[in-house]
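Engineer: Mind looking over this structure? Questions follow.
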Amino acid sequence: MLRIDPAGSSATEIYKLMIGMVVPRPIAFVSSLDEKGIRNLAPFSYFMACTAEPPVVCFVSSYRKSETPTKDTLRNISATKEFVVNIVSEEFADRMNLTSAEVVPEIDEFELSGLTPIASELVRPPRVGESRAQMECRLRQLLPIGDAPGGGTVIFGDVLRFHVDQTIVENYKIDPEKLKAIGRMGGPTYVRTHDRFDMARPK
């Protein structure tokens with residue numbers, strides 16, 4: 001078995017290993033606003049649910065090799081303390097992918113992708129109308145890890161409001177067949193969530 005010491009490898013090499021091993025990863029499709037009210041929409045695959053009481057989610061905004069190493073999403077949330085996590089389904093995966101392009105902050109990714117902004121109830125950033133499940137969030141904590149490309153900031157958010165398409169949920173249980181969520185593998189590869197199996201937890 002190949003043994004790899006992170007200390008002797010580049011950040012790019014370690015990144016490729018991690019995104020190939022930690023799979024499939026769910027996608028946080030995050031909508032935010034800057035201080036001028038310009039809308040931003042971007043996907044993040046370092047994403048997870050943290051706790052249910054209180055309900056908290058988190059995702060990582062990685063640092064880039066560019067003149068502006070931090071992404072618009074991180075700067076927006078740092079300034080406004082609000083964001084929405086929209087769950088991505090198969091039907092609009094191609095439009096989600098359009099928002100992953102690196103564009104100047106003045107570009108509205110809702111307009112770029114053709115996705116529909118709809119008003120949130122408790123936060124200013126809009127939700128994605130095509131998404132079947134959304135979480136309105138208020139910033140709980142920013143946790144910077146490293147300060148160079150390959151590092152990033154973990155963004156924790158308290159979920160203030162859930163929005164779920166009533167046709168996909170019953171007694172708080174979401175039907176994965178109807179949600180049709182997608183996940184991220186390594187590189188440009190994504191995965192559908194059709195092939196599933198159940199296992200009872202041992203007593």
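Engineer: Working only within the stretch 32-55, note down all residues that are over 21 Å from residue 182 (Cα atoms) and touching a Lys or Arg at 6+ places or on another chain (Cβ under 6 Å).
Structural biologist: 33
Engineer: Inside the stretch 19-35, can you point out the residues that are loosely packed, with under 14 Cβ neighbours inside 10 Å and either among the aliphatic types (A, V, I, L, M) or more than 12 Å from residue 124 (Cβ to Cβ) (or both)?
Structural biologist: Of everything in the stretch 19-35, those that are loosely packed, with under 14 Cβ neighbours inside 10 Å and either among the aliphatic types (A, V, I, L, M) or more than 12 Å from residue 124 (Cβ to Cβ) (or both) turn out to be 20, 21, 22.
Engineer: Can you say whether residue 48 is in a loop (DSSP other than H, G, I, E, B), of a type outside the set (S, T, N, Q) and modelled with pLDDT of 95 or more, as far as the supplied structure shows?
Structural biologist: Here the answer is no, as residue 48 does not meet what is asked.
Engineer: Within the stretch 121-134, identify whether any single residue is β-branched (Val, Ile, Thr) and free of Cβ contacts under 8 Å to residues at least 24 places away in the same chain, and answer yes or no.
Structural biologist: Scanning the stretch 121-134 turns up no residue that is β-branched (Val, Ile, Thr) and free of Cβ contacts under 8 Å to residues at least 24 places away in the same chain.
Engineer: Please work out which residue is surrounded by the fewest Cβ atoms within 10 Å (Cβ to Cβ), limiting yourself to the stretch 75-87 and to residues that are within 12 Å of residue 43 (Cα to Cα) and among the aliphatic types (A, V, I, L, M).
Structural biologist: The extreme case among them is 87.
Engineer: Could you go through the stretch 101-110 and let me know if any residue there is within 24 Å of residue 20 (Cα to Cα), surrounded by fewer than 17 Cβ atoms within 10 Å (Cβ to Cβ) and of a type outside the set (A, V, I, L, M).
Structural biologist: The answer is yes; a qualifying residue exists.
Engineer: Hey, residue 35 hits all of (1) out of contact with any helix residue (DSSP H, G or I) (no Cβ under 9 Å at 6 or more places or on another chain); (2) in a loop (DSSP other than H, G, I, E, B); (3) not hydrophobic (A, V, I, L, M, F, W, C) but one; which does it fall short on?
Structural biologist: For residue 35, the failing item is (1).
The values are calculated or read from the model by the stated rules, or taken from the named source; none is laboratory data. As the structure is a prediction and not an experimental result, all values here were calculated from the model. Neighbour counts are summed over all protein chains in view; Cβ atoms, including those assigned to glycine, are modelled from backbone coordinates with ideal geometry.
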